[in-house]
Amino acid sequence: MADSSFDIVNKIDRQEVDNALNQAAKEISQRFDFKNTGAGIEWKGELGVEMTAGTEEKVKAVLDVFKDKLVKRQISLKSLEAGEPRLSGKDYKITCELQAGITQEQAKKIGKLIRDEGPKSVKAQIQGDELRVSSKSRDDLQAVQALVKEAELDFAIQFVNYR
């Protein structure tokens, strides 16, 4: 019997993030507490988002609205790397980056976790920005998924290509 496998990845569904950003922009334009504060949110590059407002408190509120919309669209907040509010001219700005892909250090951390605490028949190998986990037993793969889900990781992960 051939090995079963799955990949551990950190992918961002840009369309869902775009929908969350548009919903946040719409809410900001309609909410009374954001009227005449210059509050706004927009894309800054491929995976960057920039929030603007007249005061530091308002720009933090814009960030909270955006985070709320991301959560409602099942996008992990671990993928969002938000900077500190900074003064730019007369407005405050926060720049956020969406983290996609698993770094070598993160992949090694997950691989070590699987080797130390997972079933012995499971093999994990790094392939670019993802981690392939394989075993002859599907039950062992499900045990590894449960183990990785329970681990307190500081980055978002998804399980794909389960075969």
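No value in this document is a laboratory result; all are computed from the given coordinates. Bear in mind the structure is a predicted one, so any value in this text is a computation, not a measurement. Note that we place each Cβ from the backbone using ideal geometry, even for glycine, and neighbour counts take in every protein chain shown.
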**Cβ pairs under 7 Å, 6+ apart, first in segment 132-146 and free of Cβ contacts under 8 Å to residues at least 12 places away in the same chain, second assigned to a helix (DSSP H, G or I) and surrounded by fewer than 19 Cβ atoms within 10 Å (Cβ to Cβ)** = none
**Prompt:** Does segment 14-58 hold any residues that are among the basic types (Lys, Arg) and crowded, with 17+ Cβ neighbours inside 10 Å, and which are they?
**Reply:** LYS58
**Request:** Name the strands (runs of 3 or more DSSP E) wholly inside segment 75-163 in which the number of residues that are in contact with a helix residue (DSSP H, G or I) (Cβ under 7 Å, 6 or more places away or on another chain) is 2 or more.
**Result:** 80-82, 91-98, 123-127, 130-135
**Fill in**
Over segment 99-118, the set of residues out of contact with any strand residue (DSSP E or B) (no Cβ under 6 Å at 6 or more places or on another chain), surrounded by 15 or more Cβ atoms within 10 Å (Cβ to Cβ) and free of Cβ contacts under 8 Å to residues at least 40 places away in the same chain is LEU113, GLY118
**Message:** Could you check segment 42-67 and list, in sequence order, the residues that are of a type in the set (A, V, I, L, M) and more than 17 Å from ILE12 (Cβ to Cβ)?
**Reply:** MET51, ALA53, VAL59, ALA61, VAL62, LEU63, VAL65
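For segment 1-27, how many residues are among the small types (Gly, Ala, Ser) and assigned to a loop (DSSP other than H, G, I, E, B)?
Start the filter on segment 1-27 by keeping residues that are among the small types (Gly, Ala, Ser), which leaves 2, 4-5, 20, 24-25.
If we keep only those that are assigned to a loop (DSSP other than H, G, I, E, B) too, we end up with 2.
Total meeting the criteria: 1.
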**Fill in**
For segment 1-13, the count of residues that are in contact with a strand residue (DSSP E or B) (Cβ under 8 Å, 6 or more places away or on another chain) and either surrounded by fewer than 17 Cβ atoms within 10 Å (Cβ to Cβ) or not aromatic (Phe, Trp, Tyr) (or both) equals 9
